[in-house]
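The values are calculated or read from the model by the stated rules, or taken from the named source; none is laboratory data. No experiment lies behind these values; they were computed from the predicted model shown. Here the Cβ positions follow ideal geometry from the backbone for every residue, glycine too, while neighbour counts run over all protein chains shown. Ligands, DNA and RNA are excluded from the accessible area calculation, which covers all protein heavy atoms including side chains. Shrake-Rupley method; radii C 1.70, N 1.55, O 1.52, S 1.80 Å.
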Amino acid sequence: MLFAGQSKLKLMVYTVFLIVLAFAPLYLSDFRLSLLGKFLAYAIIAMGIDLIWGYTGILSLGHGVYFGLGAYCMAMHLKLAANPGELPDFMSWSGVESLPWFWIPFHSAGAAFLLALIIPMMVAFILGYFTFRNRIKGAFFSILSQALVIITVTLFVGQQGYTGGTNGLTNFDSFLGLNLQAESTKLLFFYLTLAVVAIVLILCSLLVTSRMGNILTAIRDGENRVRFIGYNPVTYKVFIYCASAGLAGLAGVLFVLQEGIISPAQMGIVPSIEMVLWVAIGGRSTIGGAVLGALVTNAAKTTFSEAYPAWWPIMLGAMFIIVVLLLPKGIVGTITHYTSNWKKPVLPKPISSSQEAR
């Protein structure tokens, strides 16, 4: 059964929430709608992180790399499409005389999309297989994931002639014949992103309520016990880690189509940590909470920075602290906890033998 194990109330809330977002063009300006589309792309990353952290117990602080790889793959195609038959402008400035061989596949939009999913998953497989096989987990894995961020960002910044360096890739004007600056195209990509969020939400909910979801939760709560009863945790951890990286790559594709730029700064350590905070604020082990956390956190960040330019980092940090201290289960996790307690039947107190004798 779809969303088995979840209350009908939660399913109804998710449905209403998606419907409200679908009508966003009616009550948001074009600028706000563009921001919402970007935040929805972030929500896809958050759901992937919730799969590995909330349900499997793998804390990754390097998902900005997978997001950036997916975004760069699509941006490379957009850059080539912007000047057909010519070298990208930054290559000419850097003295590159011919198109590098690894740029050639990105002439095709389909190849760029597939590579945006495959490359992050391949990198995740390499890191995940060797670390999980050697039973590296906890803080040690988190440190390794941050090391991956440092290596990748340094590589992309240093290869100015091939990646655009610190400036990244920008100045795109079309995709499959669509004008990226046209309002109709922006509206199309907003609804495309919303549809992807809904599909990913359904698929992730099906996954966590399936037998595999139970195994992932068991790995989180007692990996050695799972290994003792005959399951190989490495296989499941590598699979879910690769799936999470693929979702981050997909989010990168949707992000760059709407934002029109990707740079190494957007795949660094700080963005990677922020992605984990989205899940923590929305609620671990609640797929819908990951979506809400990404939207609420980024909306608060935008609101604070606009209203209080000098104080917004402090206000955002205070919000993180308040949520961690007062809502350790996150927004949705706390709501779910209290609503589940309300639904528990109140059982009468057992009658003791002395009361029966009376």
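Tabulated data for the structure shown
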| quantity | calculated |
| --- | --- |
| Qualifying residue in region 73-83 (condition: closer than 27 Å to Leu207 by Cβ and either not in a helix (DSSP H, G or I) or not charged (D, E, K, R) (or both)) | yes |
| Among the candidates Ala22, Ala46, Ala71, residue that is surrounded by 13 or more Cβ atoms within 10 Å (Cβ to Cβ) and either hydroxyl-bearing (Ser, Thr, Tyr) or over 26 Å from Leu144 (Cβ atoms) (or both) | Ala22 |
| Counted residues, region 297-334 - those being aliphatic (A, V, I, L, M), in contact with a helix residue (DSSP H, G or I) (Cβ under 8 Å, 6 or more places away or on another chain) and without any contact (Cβ under 8 Å) to a residue 60 or more places away in the chain | 9 |
| Residue count for region 307-338, restricted to those that are of a type outside the set (Val, Ile, Thr) and open to solvent by less than 90 Å² (accessible area, probe 1.4 Å) | 14 |
| Neighbours by Cβ (under 7 Å, 6+ apart or cross-chain): first from region 274-296, closer than 18 Å to Thr15 by Cα and hydrophobic (A, V, I, L, M, F, W, C); second open to solvent by less than 10 Å² (accessible area, probe 1.4 Å) and outside any helix (DSSP H, G or I) | none |
| Output for region 254-275, where each listed residue is touching a Ser or Thr at 6+ places or on another chain (Cβ under 6 Å) and in a helix (DSSP H, G or I) | Leu254 |
| Listing of helices (runs of 4 or more DSSP H) fully contained in region 107-180 that carry 2 or more residues being among the small types (Gly, Ala, Ser) and open to solvent by 40 Å² or more (accessible area, probe 1.4 Å) | 139-158 |
| Positions within region 89-111 being within 19 Å of Gly177 (Cα to Cα) and in contact (Cβ under 8 Å) with a residue 60 or more places away in the chain, in sequence order | Ala109 |
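A quick yes/no check of all residues on (1) surrounded by 22 or more Cβ atoms within 10 Å (Cβ to Cβ); (2) of a type in the set (Ser, Thr, Tyr); (3) over 13 Å from the mean Cα position of the chain (by Cα):
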site	(1), (2), (3)
Phe228	no, no, yes
Val238	no, no, yes
Tyr241	yes, yes, no
Leu250	yes, no, no
Val253	yes, no, no
Leu277	no, no, no
Ile281	yes, no, yes
